[in-house]
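Here the structure comes first, spelled out in structure tokens, and everything after it is commentary.
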Amino acid sequence: MFQWNEEMVRFMRAASEYGDYHRRLVQRMLPALHSADHICDAGCGLGYLSLALAPYVRRVTAADRSEAALDVLRQNCAERGIRNIDILSGELRPVPLAEPYDAMVFCFFGRMEEIAAVAKAQCRGTVFVFKKNYTSHRFSVGEHPAGWDSFRAGADWLTERGVPFEAETLELEMGQPLRSMEEARQFFRLYSRDADKAAITDEFLRGRLVETGRKDFPLYLPHKRQIGYLQFSSEDLP
């Protein structure tokens, strides 16, 4: 089970604030959203998708079980004067709500059977799902499988149960800004699945990084994130 730690929060916060990744995710969702909607960002992490959604809907409930991640969202809401984001701390369970959400988004969070169970219980409208659409781990020196819970697996799960859905593949830049070569090395040591971290050499790092000309983040690890997008109605779930 994924657990945020201080180092992960620091890297993800920098990456989320550096580019427009979350804004572009929201742009894909907008045709199916309405200004009066109350949407739940399930497994919101640091809440940058919730922040990007807030201008377009009535309310956002940002749900996650990590207080370290939610503290970043609380800080951003306070600093930006955002008042239509409700923060929900704890596990999401398939328990019916007195007032169901108009929509739910699961961005790289949950397996399809878990997503379907929660959405069926708590949502009365559109369900948005973003999943990985790549087979190899992105931040390792060697080749390592990314895991089975993929866009294709999600689409197959819906097809097997006769749930009509929209599907699309996206490629969005979501790289990592870095303050130094040492920080780059720390990033790869944190996320690499290589058993031998000695493989993360200066030569390897120089081959992956680009110079930005910026004082705050002079180095950048480019990454085109391959994403699978699924959209369906909770009413069609078995």
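The values are calculated or read from the model by the stated rules, or taken from the named source; none is laboratory data. Here the structure is a predicted model, which means the values were calculated and not measured. Cβ atoms come from the backbone with ideal geometry, glycine included; neighbour counts cover every protein chain shown. These area figures cover heavy atoms from the full protein model, side chains too; ligands, DNA and RNA do not enter into them. Shrake-Rupley method; radii C 1.70, N 1.55, O 1.52, S 1.80 Å.
If you roll a 1.4 Å probe over the range 1-160 with all protein chains in place, what percent of the accessible area is carbon or sulfur?
Details: 3850 of 7580 Å².
Taking all protein chains in place, the range 1-160 shows 51 percent carbon and sulfur surface.
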Query raised in the report: Nearest-5 percent of antiparallel DSSP beta bridges in the range 51-203?
Result: 10 percent
Report task. Could you list the residues of the range 116-131 with an amide nitrogen less than 11 Å from a label point located 7 Å from the Cα of E235 in the Cα-to-C-beta direction? Result -> 124-126
Query raised in the report: Per 10 Å bin, what percent of the C-alpha pairs of the range 95-223 does each bin hold, from zero upward?
Result: 11, 31, 25, 20, 12, 1
Query raised in the report: Given a 1.4 Å probe, how much area per residue of the range 172-231 is accessible, in Å²?
Result: 51 Å²
Query raised in the report: Full extension from E173 to T159: what is 0.36 nm times the residue separation minus their Cα-Cα distance, to one decimal in nm?
Result: 2.1 nm
Report summary line: The Cα radius of gyration of the range 58-109, divided by 2.2 N^0.38 Å with N its residue count, comes to 1.21
Requested in this report: Grab the Cα-Cα distance for K215 and M181, subtract it from 0.36 nm times how many residues apart they are, and report the gain in nm with one decimal.
Outcome: 10.9 nm
Requested in this report: With runs of 4+ DSSP H residues as the only contributors, calculate the mean residue ellipticity of the chain at 222 nm using -39,500 (n - 2.57) per run, divided by the residue total and rounded to the nearest 500.
Outcome: -10000 deg cm²/dmol
Query raised in the report: In what sequence, highest mean first, do 216-229, 35-48 appear when ranked by Cβ atoms within 10 angstrom?
Result: 35-48, 216-229
**Report entry** For the range 155-238, Kirkwood radius (reciprocal of mean inverse C-alpha pair distance, Å)
**Finding:** 15.9 Å
**Report entry** Accessible surface ranking that places the most exposed of T159, T126, T201 first, with a 1.4 angstrom probe
**Finding:** T159, T201, T126
Query raised in the report: Relative contact order (percent) for the chain, with alpha-carbon contacts under 8 angstrom and 6 or more residues of separation?
Result: 19 percent
Report summary line: If unit charges are put on Cβ atoms (+1 for Lys and Arg, -1 for Asp and Glu) and the dipole of the chain is taken about its Cα centre, the option from C77, A63, A117 lying farthest towards the positive end turns out to be C77
Requested in this report: Can you tell me the FRET efficiency between A98 and A68 if r is taken as the Cβ-Cβ distance and R0 is 35 Å, rounded to the nearest 0.05?
Outcome: 0.75
**Report entry** Peptide ranges 114-120, 189-195 listed from the most packed, as the mean C-beta count within 10 angstrom indicates
**Finding:** 114-120, 189-195
Requested in this report: Run down the lysines and flag those whose C-alpha is under 27 Å from the C-alpha of K197, throwing out any fewer than 8 positions away in its chain.
Outcome: K132, K224
Query raised in the report: Hey, any idea what the orientation-averaged projected area of the convex hull of the chain's Cα atoms comes to, in nm²?
Result: 13.2 nm²
